[in-house]
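Trainee: I'd like to ask some things about the structure below.
The values are calculated or read from the model by the stated rules, or taken from the named source; none is laboratory data. Not measured: the values here are computed from a predicted model. Because the Cβ atoms are built from the backbone with ideal geometry, glycine has one as well, and the counts that use them run over all protein chains shown.
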Amino acid sequence: MPTLTKRLLHYAVYTAAAVVIAISGAALYLRMVIMPNVGQYKADIEALAGNAIGIPLRIGSIEADWWGLNPRFSLRQVRLQQTGPDAPLSLSRVDATLSWLSLFVWDARLTSLALYEPTLEVRRDSSGTIYVADIPVNKPGPRSPFPDWLLRQRYVLVSDGILSWQDDLIGAPPLVLNKVNLILRNRGDKHQLGVTAQPPRDSVRDLDIRAELFGASLQQPQGWNGRVYLRADGASVHALNRWAPWAQEQVRQGQGDVRFWLDLNKGQITGLTGDVRLNNVAVSLAQDHPDMVFSAVSGRLGWSRNRDLHTVLAHGLSFTPVGGRSMEPTSVRVQTRIAPDGKLTLTGARAEKLRIEALTALSAAIPMPKPMHDWLDTHRPQGYIENAELEWESARKYRLTASFVDAGMIGQAAFPGFAGLNGRIVATGSGGEAQFNARRLDLQLDRVFRHPLSFNDFATDLVWERLSDTGLRLKIGETRLTNADLDATTQGSIELHPERSPSWTFRPTLREARAMRSGAICRSRSATMPITGSRSA
């Protein structure tokens, strides 16, 4: 064996032996000197603990024993000292099991820390400073090292605690959580948290919080990432708004069960996803719009943010408007962008399995450009959207694709009225194309036909383009028209201008036509003729 290798091996053996001797000596000293007389060191332990958290601490009594190969210290009647009658933190018992890693990092490291029946006060004063057990956590200047010290401990347990929250900034009544149980597991920068509690009965029946977070220090919030899960059974939004009145800006009221997942990236909330089952719900999407009110809402809701782009989504969402019928589960996604003036602007939307009447009924509460609001209010579209997607920049720059069945709308000006239509459409600000078919179609186009038309068999392909801000040219591919009075195919074009009469060109092929008023029947195996004309206004 080479001489260098032998020396390194000898050094490793000597080092290991020294470590074993040091640990053995420390263990022997603890066992023979410290632990039998641990009560004599109560003042020293109080001073060390007080320096660690930044506030004086008092301990009723101390006991010591062994938990396996690790020394364990039990502290009874622990209280933070202050001038008032109530301590901001008190515990009936604290069990701290010491880790031998403390000898190597020169810091108090515990394999486990158990806090029994703690009573903790958290408050926010009128200036916005938050205090946890009278320790300011968001105040400029040096901060207590205690929160970061907790994150370095392997296992932290809180059993049967009481947590009170006092918010003087908004003048809210005290919020008291009973039966608080917490488990915190730390592995380097990875932290796993579980919390259960019982809030006031009129707000939430049961509360369960889980989290998996990654971060080194609470004093550097921008370095934290991860996800937080919250489950609240029997929640009352109205009652919870006593402590979070800002939430009323979005959800005014609602009662039921909710589950939420919150995504954190570089200290910022970037996403929120929730499963809800609520009754008597009122939601506001914008301050200058009316509320959306429902008798019941269930499904998955979500929000995400990427810089100034906000996405709101719903998956498997079913709701019952007040006074209306229940809507089948649908999926919707709406994207908005924050303008420089702070207003939300619609940039896109997607929907699947959506009853159009539901969107029309709620359109007044949805922030969207005024031309779109006016169009929906005027034409009142209806039907069932199998899937649809909208990309929006302005009234002249957008793209809409949609597949639908049993669609219809009220006709006005250049837009036809119809009912019972199936098809697929691709539309932009400059034009579009569509394929339509129907087994029962009612068509209304007052500027072309004097009376509504009905067909029991209809199919066509359309292509249109805008000629001006209000003009429209419509090219009609081969169209099949069948009803009790007509069996024909046709193709042609129509031009519509608000300032002059419409003009059209058709090339129909009539197989059978019945003149209802005269009773005459015209039959032709193949009668084809071009028709060109216009109608006086």
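Table: residues versus (1) at positive phi; (2) of a type in the set (D, E, K, R); (3) not in a loop (DSSP other than H, G, I, E, B).
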position: 385; (1), (2), (3): no, no, yes
position: 392; (1), (2), (3): no, no, yes
position: 398; (1), (2), (3): no, no, yes
position: 403; (1), (2), (3): no, no, yes
position: 420; (1), (2), (3): yes, no, yes
position: 436; (1), (2), (3): no, no, yes
position: 442; (1), (2), (3): no, yes, yes
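Trainee: Quick one: residue 360 ticks every box in (1) surrounded by fewer than 16 Cβ atoms within 10 Å (Cβ to Cβ); (2) not aliphatic (A, V, I, L, M); (3) not in a strand (DSSP E or B) except a single one, so which number is it?
Mentor: If we test residue 360 against (1) surrounded by fewer than 16 Cβ atoms within 10 Å (Cβ to Cβ); (2) not aliphatic (A, V, I, L, M); (3) not in a strand (DSSP E or B), just (1) comes out false.
Trainee: Residue by residue through segment 129-145, note down the ones that are in a loop (DSSP other than H, G, I, E, B), at pLDDT below 85 and over 17 Å from residue 175 (Cβ atoms).
Mentor: Correct list: 134, 137, 138, 139, 140, 141, 142, 143, 144, 145.
Trainee: Now a separate question. Look through segment 161-220, keep the residues that are hydroxyl-bearing (Ser, Thr, Tyr) and in a strand (DSSP E or B), and return whichever of them is farthest from residue 235 (Cα to Cα).
Mentor: Result: 164.
Trainee: So which residues in segment 93-104 are at pLDDT 80 or above and either surrounded by fewer than 16 Cβ atoms within 10 Å (Cβ to Cβ) or among the charged types (D, E, K, R) (or both)?
Mentor: Scanning segment 93-104 gives 93, 95.
Trainee: Would you mind stating whether residue 347 is of a type in the set (Ser, Thr, Tyr) and under 24 Å from the mean Cα position of the chain (by Cα)?
Mentor: So residue 347 fits the description; yes.
Trainee: Output the residues belonging to segment 120-159 that are of a type outside the set (Phe, Trp, Tyr) and closer than 16 Å to residue 195 by Cβ.
Mentor: 120, 122, 132, 147, 150, 151, 156, 157, 158, 159
Trainee: Moving to a separate point now. Exactly one of (1) within 20 Å of residue 365 (Cα to Cα); (2) surrounded by 15 or more Cβ atoms within 10 Å (Cβ to Cβ) is unmet by residue 263. Its number?
Mentor: (1)
Trainee: In segment 305-325, what residues are aliphatic (A, V, I, L, M) and buried (at least 16 other Cβ atoms within 10 Å of the Cβ)?
Mentor: Within segment 305-325, 312, 313, 314, 317 qualify.
Trainee: Going by what's in this entry, would residue 331 be described as part of a helix (DSSP H, G or I), under 18 Å from residue 390 (Cβ atoms) and either touching a residue at least 12 places away in the same chain (Cβ under 8 Å) or within 18 Å of the chain's Cα centre (by Cα) (or both)?
Mentor: Judged against the criteria, residue 331 is not a match.
Trainee: Which condition from (1) surrounded by 17 or more Cβ atoms within 10 Å (Cβ to Cβ); (2) more than 21 Å from residue 309 (Cβ to Cβ); (3) under 16 Å from the mean Cα position of the chain (by Cα); (4) modelled with pLDDT of 85 or more is the one that residue 251 breaks?
Mentor: Exception for residue 251: condition (4).
Trainee: Give me the residue from segment 75-91 that is surrounded by fewer than 17 Cβ atoms within 10 Å (Cβ to Cβ) and either touching a helix residue (DSSP H, G or I) at 6+ places or on another chain (Cβ under 9 Å) or assigned to a strand (DSSP E or B) (or both) and, out of that set, modelled with the lowest pLDDT.
Mentor: 81
Trainee: Being under 29 Å from the mean Cα position of the chain (by Cα) and β-branched (Val, Ile, Thr), is that true of even one residue in segment 408-426?
Mentor: Among the residues of segment 408-426, not one is under 29 Å from the mean Cα position of the chain (by Cα) and β-branched (Val, Ile, Thr), which makes the answer no.
Trainee: If you scan segment 255-268, which residues turn out to be in contact with a strand residue (DSSP E or B) (Cβ under 6 Å, 6 or more places away or on another chain) and farther than 20 Å from residue 206 by Cα?
Mentor: Across segment 255-268, the qualifying residues are 263, 264, 265.
Trainee: Related question: What residue, of 487, 461, 457, is surrounded by 15 or more Cβ atoms within 10 Å (Cβ to Cβ), acidic (Asp, Glu) and closer than 21 Å to residue 408 by Cα?
Mentor: So the residue among 487, 461, 457 that is surrounded by 15 or more Cβ atoms within 10 Å (Cβ to Cβ), acidic (Asp, Glu) and closer than 21 Å to residue 408 by Cα is 461.
Trainee: Any idea how many residues of segment 410-433 are buried (at least 17 other Cβ atoms within 10 Å of the Cβ) and either under 20 Å from residue 355 (Cα atoms) or out of contact with any strand residue (DSSP E or B) (no Cβ under 8 Å at 6 or more places or on another chain) (or both)?
Mentor: Looking only at that region, the number is 9.
Trainee: Would you check if residue 450 is charged (D, E, K, R) and part of a loop (DSSP other than H, G, I, E, B)?
Mentor: Criteria met by residue 450.
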